[in-house]
Amino acid sequence: MRSGREHANSGEQQFMTIWHSIRNALVPVRREGYPFIAAFFIATLVLGLIADWLFWIGLILTAWCAYFFRDPERFTPVDDDLVVSPADGRVSAVTRVQPPAELGLGAEPMLRISVFMNVFDCHVNRAPVAGLVTRVVYRKGNFMNAELDKASSENERNGIVLETLHGAVGVVQIAGLVARRILCWSEEDERLDAGQRFGLIRFGSRLDVFLPDGATPRVAVGQTAIAGETVIAAFNASRGPVVTRRD
């Protein structure tokens, strides 16, 4: 039988081979994921000292962790009348509701389009429209299932408000059952392009987009959305062909 050190060395070589394959064949990985990937890898080596089958389970989980923090490039439509999805995932709601009070968008109902991200979706969040960030506000809260409607008001969340050509647009990052950290890289007075990265939520969550009057939904509940690419709403009929911009 091989010694524990031989198990660890063999495991490290196999991991590096898989890691390079992931980096070269798939997409880049966000640097925010490096500590988690390293932790999974170290745990895998420890498990490998105990039993081969535990090592392989750990290796699969490490590969999943690297996959979770992937950051693919996207091609965003260049049209100020279009609203693109802020997240990869499933459209879980298209409705009119009162926006969260902390966004300062008033008490009147607004069109809300929600996109739910499971643990296999890319969790890098992107601006749905171009605009100036006028507000960034974080609220502590619970960690219930992000698909529940009351998660909008009761879960941990971070909201930003973009001043656009069509009025104020709210975007809310909502933590889910296993999400324990919301990251937002944007600050007030920063200008974002549609499709530009502005944040990330770790391990399952939801994004809500609140749109002013004049916006018409272009998606249905259950539809799969791709961040920065899928058009989820429009303000006016687009004129001419849609041009895309590489992120």
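The values are calculated or read from the model by the stated rules, or taken from the named source; none is laboratory data. Because the structure is predicted, anything quoted here is derived from the model rather than measured. Virtual Cβ from ideal backbone geometry, glycine too; neighbours counted across all protein chains shown.
A few notes on this one:
- Where Ala87 falls short, out of the listed (1) modelled with pLDDT of 85 or more; (2) out of contact with any strand residue (DSSP E or B) (no Cβ under 8 Å at 6 or more places or on another chain): (2)
- Residue in the range 115-124 that is under 16 Å from Ser186 (Cα atoms) and assigned to a strand (DSSP E or B) present: yes
- Thr62 passes every criterion in (1) modelled with pLDDT under 95; (2) over 15 Å from Leu200 (Cβ atoms); (3) surrounded by fewer than 19 Cβ atoms within 10 Å (Cβ to Cβ); (4) not basic (Lys, Arg) apart from (3).
- Conditions (1) outside any loop (DSSP other than H, G, I, E, B); (2) touching a strand residue (DSSP E or B) at 6+ places or on another chain (Cβ under 7 Å); (3) of a type outside the set (Ser, Thr, Tyr); number of the one not met by Pro99: (1)
- The range 181-195 - residue that is touching a residue at least 60 places away in the same chain (Cβ under 8 Å) and surrounded by 19 or more Cβ atoms within 10 Å (Cβ to Cβ) and, of those, farthest from the chain's Cα centre (by Cα): Leu192
- The one condition from (1) within 16 Å of the chain's Cα centre (by Cα); (2) buried (at least 21 other Cβ atoms within 10 Å of the Cβ) that Arg70 does not meet is (2).
- Residues that are under 17 Å from Cys184 (Cβ atoms), of a type in the set (A, V, I, L, M) and under 18 Å from the mean Cα position of the chain (by Cα), drawn from the range 81-114: Ala87
- Condition met for Arg112 (out of contact with any helix residue (DSSP H, G or I) (no Cβ under 7 Å at 6 or more places or on another chain), over 17 Å from Gln223 (Cα atoms) and in contact (Cβ under 8 Å) with a residue 12 or more places away in the chain): no
- Residues of the range 211-225 classified as closer than 21 Å to Asn118 by Cα and buried (at least 18 other Cβ atoms within 10 Å of the Cβ), total: 2
- Pairing residues of the range 72-90 that are touching a residue at least 12 places away in the same chain (Cβ under 8 Å) with residues that are of a type in the set (Lys, Arg) and assigned to a loop (DSSP other than H, G, I, E, B), at Cβ distances under 9 Å and at least 6 apart in sequence or on separate chains, gives Asp79/Arg239; Asp81/Arg239; Leu82/Arg218; Val83/Arg218; Val84/Arg74.
- Verdict on Leu183 being in a strand (DSSP E or B) and aliphatic (A, V, I, L, M): yes
- For the range 198-226, the set of residues classified as among the polar types (S, T, N, Q), in a loop (DSSP other than H, G, I, E, B) and under 16 Å from Asn155 (Cβ atoms) is empty.
- Checked against the criterion of being over 13 Å from the mean Cα position of the chain (by Cα) and closer than 28 Å to Cys65 by Cβ, the range 161-176 has no qualifying residue.
- Residue ID - modelled with the lowest pLDDT, chosen from residues in the range 128-160 that are out of contact with any Lys or Arg (no Cβ under 8 Å at 6 or more places or on another chain), part of a loop (DSSP other than H, G, I, E, B) and not charged (D, E, K, R): Asn145
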